[in-house]
Amino acid sequence: MLLIKNIGRLLGVQPREVVCLRGADLDRLDSIENAWLLVDDEGLIASFGRMDTCPDCQGETYDADGRMVSPAFVDSHTHLVYAGSREGEFLDKINGLSYSEIAARGGGILNSAARLNATSEDELFGQSAARLRQVASMGTCAIEIKSGYALTLEGELKMLRVIRRLADAFPEMIIKSTFLGAHAVPLQYKSDPEKYVDHIINDMLPAVAAENLADFVDAFCEIGFFTPEQTLRIFEAARAYGLTPRLHADQLHCCRGSETAIAANAISADHLESIGEEQVQLLAASDVICTALPGASFFLSEPYAPARAMVKAGCAVAIASDYNPGTSPSGSMKFVWSLGCIKLRLTPAEAFNAITVNTAAALGISDKCGSITPGKYASLIFYDRSVPSLEYIPYAYTQDTIERAMLKGVWK
């Protein structure tokens, strides 16, 4: 047992499990002033309360000395497994080329695919482990990682095997794996994209399922990539293997991505920068979680998802990092929290719930993390004693306000 006492403010308290938050509830962030929290020997939250009810503990004790404590972050959309970097395209962006123009010149996803297929599994694991270690130190306790930077059968399997190795090497984290073979159409299939869709369905999906390498399936439903009809074909085939759909939707154009996510009963529709009012209303009436990725909009200097309108309409809104080498090369969820306030116009409490409770729901792990709830993992962030309030954390967007993290009861 570990007793954490003298917590200045314990944020994100939910006595009972809540799957996700919508509307006005997203702005609710319950807390306890001058609190204690008990962690059991399995790394789970046993109980908590005010210091005037603090129990005696026969085990270890940690004095938080007035520090603010919150649930750790959950990042529900990343491409953390990749080879090398794409800073050359960073210069292209500065010189005015768009994402689509860079992709048309062989950059973007195809650039990453070429590098990844030339990189060994061990090297790829080493690069990815270094990134994962960094995001864990910044307070991320659970993360989704996609394949999709190979676009070949062996390369996609290599990526997914690396994700499984990461899960074994970082048992203190929750790591969910997504098969994203439908990330882009490889050059050799450009004249016949349907042939590549057939390859995904007939060859890739059975191989992924045979090794039990993925929890989810994803696709880039976008003009010039995969149509709604192709996406639904892939998702229907993937469901036969027990894979849950999630979707890159309406990022560059409003092209029925949201409707496709709803039709597929996807757990989340991600990006959504280009959706219209009609799509917002459709998503609000569905169970699909709307995941905004403001890091990509920031890096690309492109529009942001209309998160404020989504919240007003009653959508379940989450925010994730989209950590990847080309359009969002950062896994800092603290910065994502700031962007949620500054660019998505969410309150600090709304944005915090969107990177904890609702991202946990987007990964189907609401019973394990995302809030201070008995029975969930003791995955916690301890903030610097100088932090005066919740609002200060996203306000001070470059300040290192996180002093240390605990994941599943283990100090980082």
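The values are calculated or read from the model by the stated rules, or taken from the named source; none is laboratory data. It should be emphasised that the depicted structure is a prediction, and the values quoted were computed from it without experimental measurement. With ideal geometry, Cβ positions are generated from the backbone for all residues, glycine too; neighbour counts draw on all protein chains shown.
Quick notes
- The set of residues from region 237-258 being within 19 Å of ILE200 (Cα to Cα) and either at pLDDT below 95 or out of contact with any helix residue (DSSP H, G or I) (no Cβ under 9 Å at 6 or more places or on another chain) (or both) comprises just one member, ARG239.
Quick grid of which residues meet (1) aliphatic (A, V, I, L, M); (2) at positive phi; (3) in contact with a strand residue (DSSP E or B) (Cβ under 6 Å, 6 or more places away or on another chain):
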position	(1), (2), (3)
LEU247	yes, no, yes
ARG256	no, yes, no
HIS271	no, yes, yes
VAL280	yes, no, no
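- On inspection, ALA214 fails the criterion of being closer than 18 Å to ALA103 by Cα and outside any helix (DSSP H, G or I).
- Residue selected from region 167-201 under the condition at pLDDT 95 or above and of a type in the set (D, E, K, R), by the criterion nearest to the chain's Cα centre (by Cα): LYS176
- Looking only at residues of region 218-267 that are of a type in the set (Ser, Thr, Tyr) and outside any strand (DSSP E or B), we find that the one that is surrounded by the fewest Cβ atoms within 10 Å (Cβ to Cβ) is TYR241.
- Filtering region 9-37 to residues that are part of a strand (DSSP E or B) and within 28 Å of the chain's Cα centre (by Cα) leaves ARG9, LEU10, LEU11, VAL13, SER31, ILE32, LEU37.
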